[in-house]
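The values are calculated or read from the model by the stated rules, or taken from the named source; none is laboratory data. Remember, predicted model here, so these are calculated numbers, not experimental data. SASA here: full protein model, heavy atoms, side chains in, ligands and nucleic acids out. Shrake-Rupley method; radii C 1.70, N 1.55, O 1.52, S 1.80 Å.
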Amino acid sequence: MDFGYSGRVAVVTGGSSGIGLATAKILLAEGARVAICGRDEARLAAASAALPGALAVQCDVLDRAAVSHFAAVVSEWSGGRLDLLVNNAGQGRVSTFASTSDDDWRAELELKFFSQIHVIHAFKPMLERSDAAAIVGVNSLLAVQPEPHMVCTSAARAGVQSLLKSLATEFAPGIRVNSILLGLVDSGQWQRRFAAREDQSQSRADWYGALARGKHIPLARLGEPEEPARAIAFLGSPAASYITGASLEVSGGVSRHI
Ligand code: NDP
């Protein structure tokens, strides 16, 4: 199937690692021009080397001025063209209600909401000029299936899901807005948790195997970054032209709702 990316332009926030990097690679392979951002310069340089022809800009998506600058640089580079915005930058926070301070709540709500809001404000004028504009928000299954040990991430994720649903209506018919609901995907954040594991003698295979069993994942493993990346590439493409306001779960079957 032709996704229809040839000659199109895509922005992937957090494109320097994990799911964002895998998404950028697929979009490039499908013929799109791709711009990514991230905060860490070294990580961005390594990603840039793996993405020939892509534009890589250092930018914290929580810094509104930096995001405006990122949009200006992309506009200059693409001649004002943008067809797809993938809002992927971010990370989760492990904490219960008892261990989450007011400042933690504020930081988490700011990260989850403004990693969408700042970026959408900055890039919407460019998307409005596309004949096949799309936004894909990378969200988590926690939005609909909260976990008490990730209380503030779960609450924020639910709010973001509501935001994206509203935008799908407000931005129609010009810009489609969809989301991905992730389960557990083996990317930067899980690699960091593995590195910090309690029992340092535990092998990678044993640690990941125990994690998948403990989470009762029917497909019996974590996802690879390329697996959600393919779903993002589909939802963001002209091939998904009649899909908006939808959420696609990429979780190995771990959700319990119908
Ligand atoms: P990674 O840590 O591998 O990638 C995260 C990317 O986001 C990096 O490029 C990172 O670069 C960037 N980033 C983080 N914060 C910011 C920021 N404020 N501004 C700009 N860039 C930022 O993790 P994943 O690939 O797993 O994560 C992708 C998304 O998926 C995240 O939003 C994550 O919360 C979400 N998710 C992941 C799950 C999983 O199991 N992997 C489960 C549920 C949701 P840098 O740090 O250099 O800025």
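Taken per residue, the accessible surface of the chain reaches 47 Å², heavy atoms only and a 1.4 Å probe.
Look at the alpha carbon pairs under 8 Å that are at least 6 residues apart: their mean separation over the length of the range 125-179 gives a relative contact order of 46 percent. Against the main long axis of the alpha-carbon atoms of the chain, helix 151-170 sits at an angle near 20°. Distances between placed amide hydrogens fall under 5 Å for residue 184 paired with 223, all partners being 5 or more residues away or on another chain.
Using C-alpha pairs below 8 Å separated by at least 6 residues, the relative contact order for the chain is 21 percent. Heavy-atom surface analysis with a 1.4 Å probe gives the range 119-185 a carbon and sulfur content of 57 percent of its accessible area. Adding -39500 (n - 2.57) for every DSSP H run of four residues or longer, then dividing by how many residues the chain holds, sets the calculated 222 nm ellipticity at -14000 deg cm²/dmol. Taking only protein heavy atoms and a 1.4 Å probe, the accessible area of the range 14-74 is 52% carbon and sulfur. Within the straight-line cut-off of under 13 Å between alpha carbons, the aspartates and glutamates reachable from residue 215 are 147, sequence neighbours fewer than 8 places apart in one chain being disregarded. Rg and Dmax of the range 1-69, both derived from C-alpha coordinates alone, stand at 11.9, 39 Å. Between amide H atoms placed 1.01 Å from N, distances below 5 Å from residue 9 occur with 33, 83, 84, all of them 5 or more places distant or on a separate chain.
When the alpha carbon coordinates of the range 101-246 are projected onto the principal axes, the ranges are 54, 39, 23 Å, largest first. Put simply, the chain fits an ellipsoid with semi-axes of 29, 20, 19 Å; these come from the alpha carbon gyration tensor as the roots of five times its eigenvalues, largest first. Take every Cα-Cα distance within the range 52-152, group them into 5 Å bins from 0 onward, and report for each bin the whole-number percent of pairs it holds. Histogram of Cα-Cα distances, whole percents per bin: 2, 12, 19, 21, 16, 11, 9, 6, 3, 0.
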